[in-house]
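Bear in mind these aren't lab numbers, they're just calculated from the coordinates by the rules spelled out. Keep in mind that what you see is a predicted model, and the values were worked out from it rather than measured. A quick note on method: Cβ atoms are made from the backbone with ideal geometry, for glycine too, and the neighbour counts reach across all protein chains shown.
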Amino acid sequence: MLFNSYGFLFVFLPVALGLYWTASSPGRRKLASVVAAYFFCGVVSPASAAVMLLVTGNSYVLAGFVARAERQRSRRGWLALSVGLNLGALALFKYYDFLAGSLNAAAGVPVLPLLRWALPIGISFYTFEAISYTVDVYREKVAPAPRFLDYAYLVTMFPKLVAGPIARYTGIVGQVAGLPRRVGWERAAGAARFFTLGMAKKLLIADTLAVRLVDPLFAEAGRLGFVTGWIAALAYTVQIYMDFSGYSDMAVGLGLLLGFRLPRNFRLPFAAASAGEFWRRWHITLSSWLRDYLFIPLGGSRCSRGRASLNYFVTMLLGGLWHGANWTFVLWGAYHGVALVVYHWWGWLLAETGRRGRGRAAAGAGAAGMASGTQVGPRSAGRGQRWLRLAGIAVTFAFTAAGWVIFRAPNIGVAASVLKGMAGLRGPGLNTQLLELPPATLAWTLALLGLGLVIGFTLDTWELDDRITARPRWAVAVALGLLLVVCIAQLAAPSPFVYFRF
Amino acid sequence: MIDSTAGNEHGRHAQSRFALTFLLTVSLGLLALIGFNFAVNPFGYYPTLLVRRPATGQDRRVKMDLLREYSGVYGTAEDRGGPVDAIIVGSSRVMTLAPETLRELTGLRTFNAGFSDALPEDYYAVLNQLIRRGTPPKEIVLGIDIIAFDPGPVNQFSALTPELASSLPRDSYLPGLVARAKSLLSYGQTRRGVDLLLQNAGRKPPEPWPVAFDADGLLHYVEWEIGIAQGTFVPEINPDVGGGRLEELDDARRACFERFLTLARENGVRVRAFLTPYHPAVLAYRAVDEVDWFGERRAAVAGYLQGLEKQYPGFTFDDFTDIEAFGGASDEFFDSVHYFSSNGDRLLAALYRMTE
C-alpha cells in the first residue's frame, strides 16, 4: 500500500490511528499497531506478511536464546544462526534469481532453475532491523524484548515498514516508556508538516521530473549528448532525492502520529563536499547500519591502510548490492567504494605530509572518514578554504550525479550510453526535442528541475520544521493545508516510490 | 523537532492552533474540490447537468449519446429511429470499422459502439445496456485485442460513464463506485472543469478534438485524414507494441468474457469475434525477439477463444493479427494498430466470408 494512495489516506490511516489511540491499554495499542502493519503488508501480498512473520519471529526467538545462553560459544552460535536465517531469507527472495540467471548465462545452459518469486515488501529494511536487534542483544547493548508483541511493535511499525528509515530496535525502544496517552497537538502539527512536505516532494517534483525528463531521456540513451545527458542525470538525481527523502519525511510524520520520533535519513546530501561526507548525509540510517554492523566488524579503519581500504570497498559494494539484484547496483556500489578508498588515501597522504588541516579543507570534509562525523563548514573556514569547499561540493555533486546514472539505468550498456553522452562524446546534445514537450512545458519542467536542485542544496525538511515549530504562523498552516489538497488532487495515478523495490 | 515549544503553555497553544488551522484548510479545500468537480462535471461522470458540455471529451460518453440518438430513444428523427440490429464492439482498434459496410454485407442496421481501451467488462456493459433497453442486437462484431485478458482493475472509464456503469457486471459495481468517488478529488477533472467554464464564458476557444464521429459511431481521425487528402500523411508505425510477457490469462477477465457470451446466447445474439490486426512491421520486429512473448500471448488468447467456439454456439472466432488473414493492405494503417476504414472493409468482408 502506498502512502500516496486514496486507500491509505482515507481508509487505512484513519482506521489504524483510531484503533491505536483508542486502545484501552499499552498492550492493546501494540497489538493494534502490529495488526495494522501486517494488514498494511498483507493487503498487497499475503506472502510478504508471512515472510515478515518468519524473519521477525526467528530473530525474536533466537535473540532470546542468545541472551539466555551462558557459554560464549553458544551465544555466538545462536547469533550466527539468526543472522544466517535472516540473510538467507534475503538471499533467497532477493538475490537467488539474479545469481542463478548470471550463472546460467555464464554457463550458456540452464544450470539452476529460476524461482521468479515476488520480492516481499520491505524485506531489505526489516531484515536489517532484525539483524541489528539480534547483534545488539549479543553485544548486550539492549535487553531482549520481553514478548514477541513488544518486539514486533517496534520492528514492523507501518510508517517505516517498506522503505525505512531503518530504525533499530535499540534506538527507539527507549521511547516506548514515554509514549503519551494521546497523540497531542504538537505531534499532530509536526506530523502535518512532515507528511505534507514529503508528499509534495514526491508528487509535485519527483513524479513530474520522472515522467517528463528522466524516463523519456533514459529511453533514448543512445541519442543523448552533453546537454541532454546532463539533464537526464541531474533530473534523476533530483528525482531520487525528492522521492526517497519525501518518503522518509512522510514516514517521520506518520511515526509522530503513532507517538514516535523516527531517525533522520537525509541532511542536505547535495551539499556534501566529499564522498565520505556524502554518506553521512544520504540515507543516513543505512550508512550508519553498514558502519556499525559491517564496516566495523570487518576491522573498520583502525587497521592497516590496505585492510581499511578493502573494508571501505567491501562495505560499499555490499551496500550497492543491498539496493537490488542487478549488476548496475554492484557497479554503483563499487563506484562509491573506489571513491571512498581514494578519498581516504588522499586524507592519509595529506596527513603524512603535515598538511592535514589544509588537506581536509581541500578534500572538503573530515578526513577521518565515514566513522568520524567531523565536518568542516563554511563558517569555520577561511575564504580560501570556503572556495575549496565549494569546489569539493561541485566535484562531489557531479560525481554522485554520474553515479545515479548507473543506479537508474536498466543495465550497464544503457548506463555507459548515458555517460558517453554526458562526456560530450556525442556532441553538444541540444536535442531536447527528444522529450516531445511543448516549449512552455519544457521551460516549466526545467524550472522545476532548478527548484529541485535549489531545495536539494539549501532546504532541509528538518531545519524547516524547526523554524516553523519556533514560530507556528497560521498562514503557514493554511499554505501547508492547501499544498496537501493539491497533492491529494494529484493522486489519481499513484506511482510507486523508487525505494519500495529495494 | 517537536520539543522546542513543548512544556510551554503558550507554545502548546500555538501548536494546537497550527494543527487546527491545517486540518480546517485541508477539510475545506477537499470539500471545495469535490463540490466543484461534482457541479461542473466536465466528463459527465455524475448526473449533474449545470454546465453545458461540448460533444468532445471521453469517447464513451459521446458514443452513448450517439447510440441513444441513433437508435431513436428520444425519437429525434424518423430516419434515425429504430433499434440497431448489429453493433461493432471492441477497443479503438475497431472504431474505424464502417457500420455502413456491415449493413451492405448483411442488411443489418449497425452502430459502431467501440471505444478506447475496451475490455471484456466493456463488451458486457454495452450488450447489457441494449438488453436492458429492450433492444438487444441480432449480431455483434467483436474485435478483441491480445491484451484484453491481461490482469488489472475494472476499466474505470466505463465505471465512470453512467449508462455503462449501471450495466457493468455486478462485481464491478463497487470498484466503479470507488472510481467515481476518487474522481471527485481528481486534479485532471478540476483543470478540465475550469477550462469548460472559461469556454462557456467565451474566454477560451473550445479545444480541438483530433477525432470526430459519424452518427452511426464511425470514427474519423480528423488530422490524419486531412493529411491523407493533402498527401502529407506519414504513418506513425512503432514496431515495439503488443505488450510484454503474459504469465497467464486473467481469470476474472475470462469469467467476465464468458458471462458476456452467456448473456449473448441467452438473448439470441450472434457474436463474430476476431483478434485485431497489427501492422506487419510489428510482427517482423517481434519475430526477432529472443523470447517470442508476442507469439506466446497471441497463441494463448487465440487458443482460449477457439476453445470457446465449441462451448458457445453462435460464437465464432478468427485470428486477424496478421493482415494476410483478411487480405489487408500494409500501407493503409494510421499507426501500428489503427487502420484505415478501407482495411476495415476488407476485414469485415473476410469475417463474413469465413464465418458464413
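Some notes on this structure:
- Under the convention that each Lys and Arg Cβ holds +1 and each Asp and Glu Cβ holds -1, the size of the dipole of segment A:6-179 around its Cα centre is about 380 debye.
- Rounded tilt (10° steps) of B:341-355 against the dominant C-alpha axis of chain B: 60
- Cβ crowding within 10 Å, taken as a proxy for footprinting-reagent exposure, orders A:LEU310, A:LEU99, B:LEU142 from fewest neighbours to most as A:LEU99, A:LEU310, B:LEU142.
- In degrees, nearest ten, helix B:187-200 long axis to first principal axis of chain B (Cα): 80
- Calculated P(r) of the protein assembly as shown - Cα pairs past 48 Å, %: 32
- Signed unit charges on C-beta, dipole axis of the protein assembly as shown, positive-most listed residue B:TYR285, A:SER245, A:ALA470: A:ALA470
- Helices of chain A meeting both criteria, an alpha-carbon length of 18 angstrom or more along the long axis and an average Kyte-Doolittle score not below 1.6, with helices taken as full DSSP H segments, are A:439-458, A:474-489.
- For segment A:101-186, the extents of the C-alpha atoms along the principal axes are 61, 34, 19 Å, listed from largest to smallest.
- Top of B:ALA179, B:ALA212, B:ALA201 by mean-square fluctuation, Gaussian network on chain B, Cα under 10 Å: B:ALA201
- Square roots of 5 times each gyration tensor eigenvalue, C-alpha, segment B:80-122, largest first, Å: 20, 11, 8
- For segment A:188-496: rounded, prolate or oblate by the Cα gyration tensor [a/c cutoff 1.5]: oblate
- Our Cα-only numbers for chain B put the radius of gyration and Dmax at 24.0, 87 Å.
- From phi via Karplus (6.51, -1.76, 1.60), per-residue ³J(HN,Hα) for segment A:293-302 in Hz, x at Gly/Pro: 10, 10, 5, 5, x, 6, x, x, 9, 8
- Fraction of antiparallel bridges per DSSP, the protein assembly as shown only, in percent to nearest 5: 15
- All other residues whose Cβ lies under 13 angstrom from that of B:LEU347 are scored, Lys and Arg at +1 and Asp and Glu at -1, for a net of -2.
- Residues B:ILE228, A:ILE240 arranged by fewest to most Cβ contacts within 10 Å: B:ILE228, A:ILE240
- Residue-averaged [θ]222 nm for chain A, counting only DSSP H segments that reach four residues, each worth -39500 (n - 2.57): -20500 deg cm²/dmol
- Alpha-carbon centroid distance for the pair segment A:76-132 / segment A:252-305, whole angstrom: 24
- Considering only B:ALA302, B:ALA148, B:ALA281, the mean-square fluctuation computed in a Gaussian network model of chain B, springs between alpha carbons under 10 angstrom, is largest for B:ALA281.
- Values of log10 I(q)/I(0), in the order q = 0.09, 0.17 Å⁻¹, for segment A:1-129 under a Debye, Cα-only, solvent-free model: -0.40, -1.00
- Between helix B:59-70 and chain B: long-axis angle, C-alpha atoms, 0 to 90°, nearest 10: 60
- Simple Cβ-charge dipole of chain A, Lys/Arg +1 and Asp/Glu -1, about Cα centre, in debye nearest 20: 1360
- Residues whose amide H lies under 5 Å from that of B:PHE333, counting only those 5 or more places away or on a different chain, are B:PHE340; hydrogens are built 1.01 Å from N in the peptide plane.
- Put in order of Cβ neighbour count within 10 Å, fewest first, the listed residues A:SER33, A:SER45 become A:SER45, A:SER33.
- Unsatisfied cross-links (Cα-Cα over 32 Å) in the set A:LYS201/B:LYS63; A:LYS202/A:LYS420; B:LYS63/B:LYS182; A:LYS94/A:LYS141; A:LYS160/A:LYS420; B:LYS182/B:LYS204: A:LYS201/B:LYS63; A:LYS160/A:LYS420
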